[in-house]
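The values are calculated or read from the model by the stated rules, or taken from the named source; none is laboratory data. Note that the structure is predicted; figures quoted are calculated from it, not measured. Counting neighbours? That spans all protein chains shown, and the Cβs are built from the backbone with ideal geometry, glycine included. Surface areas here come from the heavy atoms of the whole protein model, side chains and all, with no ligands, DNA or RNA. Shrake-Rupley method; radii C 1.70, N 1.55, O 1.52, S 1.80 Å.
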Amino acid sequence: MEEQKRYGHFDDQHREYVITDPKTPWPWINYLGNEDFFSLISNTAGGYSFYKDAKFRRITRYRYNNVPMDNGGRYFYIRENSPSTGGNWEEAWNPGWKPCKTPLDFYECRHGMGYSRITGKNGVEASVLFFVPLKKWAEVQKLTLKNESAEVKRLKLFSFEEWCLWNAATDMENFQRNFSTGEVEIETSPLEGLGGATIYHKTEYRERRNHYAFYHVNTEIQGFDTDRETFVGLYNEFANPDAVMEGRPRNSHAHGWSPIASHYIEVTLQPGESKDFVFLLGYVENEQDKKFIAPQVINKEKAHALIAELNTAEKVDKAFAELCAYWDALLNIYHVKTGNDKLDRMVNIWNQYQCMVTFNFSRSASFFESGIGRGMGFRDSNQDLVGFVHQIPSRARQRIIDIASTQFPDGGCYHQYQPLTKRGNNDIGGGFNDDPCWLIFGTVAYIKETGDFGILDEMVPFDNQPGSEVTLFEHLKISMDHVINNLGPHMLPLIGRADWNDCLNLNCFSWDPNESFQTTENVSEGTKAESLMIAGLFVVTAKEYVSLCHKLARLSSSQDTALAYEAEADRMAAAADAMTEAVKKHGWDGEWYLRAYDFYGRKIGSHECEEAKIFIESQGWCTMAEIGADEGMVAKSLDSCKKYLECEHGMVLNNPAFTKYIYEYGEISSYPEGYKENAGIFCHNNPWVIIGECIAGRGNDAWSHYAKILPSYVEEKYQTLHKVEPYVNCQMVAGKDAFRPGEGKNSWLTGTAAWMWYTVSEFILGIKPDYDGIRIDPCLPETATDYTVSRKFRDAEYEITIHPNGAQKGVKQIVLDGFAVEGTVIPYTPGRHHVEVVM
Ligand code: GLC
Ligand code: GLC
């Protein structure tokens with residue numbers, strides 16, 4: 001293996017990852033923004049911004065898969081002319097090293113909670129703090145220039161942003177139109193009470209758009225550019241734009257082609273002096289009748305108001321302090337002290353942060369997801385919720401309603417919806433038969449966290465059609481029924497287009513490379529393809545649903561309603577029992593659970609198969625469901641995961657890998673060995689087995705699986721090999737059959753975040769929200785020592801100290817505020833509480 005280099009380190013005290021070498025093996029990014037305005041930013045200031053929807057409302061342009069990688073972003077170019085440089089204008093440099101790549105005396109990028117601070121030094125020091133203030137539709141870029149030398153420094157400073165023509169898809173393809181539509185307005189003379197200069201991007205505002213963007217700086221400028229080719233020069237690159245190379249702006253006014261925004265500022269710094277500049281990339285929407293103040297002149301009132309709120313370093317510092325306080329509060333809801341910093345930093349900082357990011361973006365916008373292809377996933381968003389619900393329950397509540405509103409009356413659902421419109425996405429449609437179950441999974445997690453049973457009475461439409469509303473509870477019911485109504489010949493759930501594994505396409509039968517594996521069903525008539533993964537998922541979900549119904553029966557004000565809930569509980573308990581029996585009878589292969597039956601009723605994931613004899617998903621879900629536990633199936637299945645799936649970097653999805661395309665199976669067999677769904681370490685499903693281990697009480701095994709994919713452990717050993725960000729999980733790590741096992745891909749937006757959180761917070765550390773309180777049930781390695789979790793829960797705050805005493809599982813005694821508690825649930829009461837737990 002090649003030498004493993006380090007590119008940075010964790011700074012837990014500041015909740016930052018500090019990158020000290022700009023040449024990371026892949027761009028290492030961060031996310032800015034909380035609710036509406038978002039940015040992606042790499043460690044060299046690459047990336048882009050958008051409002052709500054990375055496809056429909058893209059503010060700045062980004063070129064994917066570029067050469068060099070990660071080109072384009074928010075750039076500051078600096079040139080210096082000082083006595084010590086001989087009175088010449090020195091070559092240009094950037095605080096983030098790129099794009100000029102002029103060697104720096106010092107470079108550092110600190111990715112923190114909702115902000116990034118990039119500092120470069122080349123004679124003077126230039127430090128840029130990037131963040132999106134709470135509730136503001138803008139990205140702040142506070143640039144601080146510092147002269148620590150003994151001489152006067154004269155500088156030329158150019159800013160740079162490139163506008164995207166809003167729809168990120170057409171922006172990349174419809175040039176016959178795009179090159180004629182671009183429009184800008186420029187405001188250079190200081191306005192009353194509001195100095196500075198602003199460049200407005202208003203393409204298509206004259207017709208159907210009621211929004212524009214702007215790029216402002218809070219100081220007087222000595223020039224500007226808004227036309228890309230004039231600024232850069234057609235044969236140049238971002239690294240050597242004409243205007244910067246010649247040290248003079250062109251004051252260009254874009255008409256069509258590619259509009260940009262660049263300010264030119266001349267700066268003089270006395271010895272020891274430092275100066276702040278606030279740049280602001282903002283977004284504004286106007287009412288239809290208030291779009292213009294004169295023919296062709298846009299109404300800038302809201303832009304001016306936004307600028308006025310953020311046009312001094314003091315105002316910006318205050319907004320930054322608010323953002324930090326916001327994250328402090330969020331990260332104080334669940335806080336652990338185990339004494340193991342690798343565990344503590346992931347639980348207390350990065351895992352929770354990644355959960356917020358996946359909640360916000362689902363699988364839409366990362367450096368692997370273009371922001372164009374996929375909106376919010378039905379199953380994905382429900383799973384993300386489980387990692388996020390303790391942070392801001394009110395947003396989770398809204399999300400549940402939004403998701404349920406895309407369901408169909410038969411319980412099926414759109415597989416994805418667009419965040420801007422909240423409408424189901426017709427291109428992908430529905431037919432993924434695991435989808436409905438996840439709605440229950442998400443909703444139950446929400447109610448357990450909040451005690452808000454009222455959400456079940458919310459009236460929620462089907463397919464967003466007004467007039468079609470039924471209660472959310474009814475949506476849960478039809479979700480369960482959708483599984484029951486779609487059983488195959490072995491009384492196991494029909495898979496549809498695919499289950500959780502998007503690539504197990506058992507009705508696809510495609511020889512046409514232009515067909516999508518996900519949306520094509522060449523032979524669905526008479527399908528028999530069944531999924532053991534959905535079977536396990538159904539049993540787990542049904543148990544949750546049954547206990548919810550019992551709870552609702554107890555809460556009912558009338559006896560009739562109570563009886564109806566009890567009857568519903570019995571109905572579903574019977575369905576779960578029947579499913580359990582079906583799995584035991586038709587889903588057990590001797591050493592592990594089968595994965596599926598194909599269209600012809602042949603086994604998938606069996607020792608009888610030539611390849612892919614065992615799959616992880618059904619082991620995870622059937623062990624979580626404890627199917628056949630008494631008969632020893634659970635323990636055998638978990639042992640088989642260790643024996644056949646585990647490798648140095650985690651557990652692979654299937655084993656052995658497929659070596660050829662099997663057209664009865666679809667996309668799964670299309671990937672080369674060891675990648676993605678073909679025997680990659682699909683991190684998302686490792687936690688399922690880990691939870692299975694925890695339920696079975698095997699703490700040593702649970703921990704060793706967990707630590708293998710925990711980013712902080714990987715960071716220490718494999719930064720070069722792993723390639724992607726060391727502070728978050730990625731979707732997939734190349735498996736043992738791959739060319740480079742251990743290489744990570746698809747970082748950030750993955751269900752792994754929520755599942756890692758759910759696993760460690762509830763099953764390993766054992767703090768589980770429940771309807772009536774908090775259940776304490778840790779599952780630990782024997783080596784675990786005493787630890788404390790502070791947990792805010794509804795209106796209570798618990799300080800829980802666990803004494804494992806070498807046990808892997810089993811709580812012997814719980815003492816709440818000095819009194820022994822019966823069982824393992826601490827009953828909820830508001831206030832501060834002290835809990836001691838002995839295992
Ligand atoms: C991707 C999808 C997710 C799917 C998984 C496995 O992560 O976002 O929905 O379950 O792949 O195919
Ligand atoms: C591909 C990927 C899978 C993803 C799906 C949907 O099949 O392998 O991970 O979920 O596309 O975009």
Hydrodynamic radius (Kirkwood) for segment 157-204, which is based on Cα pairs only, to one decimal in Å: 12.8 Å
Residue-normalised accessible area of segment 428-476, given per residue in Å² at a 1.4 Å probe: 28 Å²
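Which pairs, out of 98/422; 337/613; 55/643; 745/792; 52/98; 318/768, put more than 32 Å between their alpha-carbon atoms? Let's see the in-between values first.
On the way: 98/422 37 Å; 337/613 41 Å; 55/643 44 Å; 745/792 34 Å; 52/98 28 Å; 318/768 36 Å.
Violating the 32 Å limit, Cα to Cα: 98/422; 337/613; 55/643; 745/792; 318/768.
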Residue-normalised accessible area of segment 198-259, given per residue in Å² at a 1.4 Å probe: 42 Å²
For segment 547-609 and segment 721-797, distance of Cα centres in Å: 27 Å
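Please compute the per residue accessible area over segment 569-713 with all protein chains in place, 1.4 Å probe, rounded to a whole number of Å². Kindly include the intermediate steps, with their values, before the conclusion.
Numbers: 4580 Å² over 145 residues.
Per-residue value: 32 Å².
Which net charge results for the neighbourhood of residue 314, defined as the other residues with beta-carbon distances under 15 angstrom from its beta-carbon, given Lys and Arg at +1 and Asp and Glu at -1?
Details: positive: 142, 275, 315, 318; negative: 276, 309, 317, 322.
Result for the neighbourhood of residue 314: 0.
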Computed [θ] at 222 nm, helices only, for the chain once each DSSP H run of length n ≥ 4 contributes -39500 (n - 2.57): -8000 deg cm²/dmol
FRET efficiency estimate (nearest 0.05) - Cβ-Cβ, residue 21 to residue 88, R0 22 angstrom: 0.15
Share, in percent, of DSSP beta bridges within the chain that are antiparallel, nearest 5: 95 percent
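Of the listed peptides 266-275, 44-53, what is their order by residue-averaged count of other C-beta atoms within 10 Å, with the highest listed first? The partial results should precede the final answer.
On the way: 266-275: 14.5, 44-53: 24.3.
Listed from highest to lowest mean packing, they are 44-53, 266-275.
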The chain: angle of helix 313-331 to the longest principal axis, Cα-based, in degrees nearest 10: 10 degrees
Charge dipole (debye, nearest 20) of the chain; +1 at Cβ of Lys and Arg, -1 at Cβ of Asp and Glu: 1100 debye
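When the accessible area of the chain is computed with all protein chains present and a 1.4 Å probe, what percentage of it is carbon and sulfur?
Numbers: 14760 of 29820 Å².
In the chain, the share of accessible area belonging to carbon and sulfur is 49 percent.
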By average C-beta atoms within 10 angstrom, highest first, the peptides 503-510, 233-240, 528-535, 218-225: 528-535, 503-510, 218-225, 233-240
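Could you order peptides 405-418, 277-290, 311-324, 817-830 by the average number of other Cβ atoms within 10 Å of their residues, highest first?
Details: 405-418: 22.4, 277-290: 18.0, 311-324: 15.9, 817-830: 13.1.
Result, highest mean Cβ count within 10 Å first: 405-418, 277-290, 311-324, 817-830.
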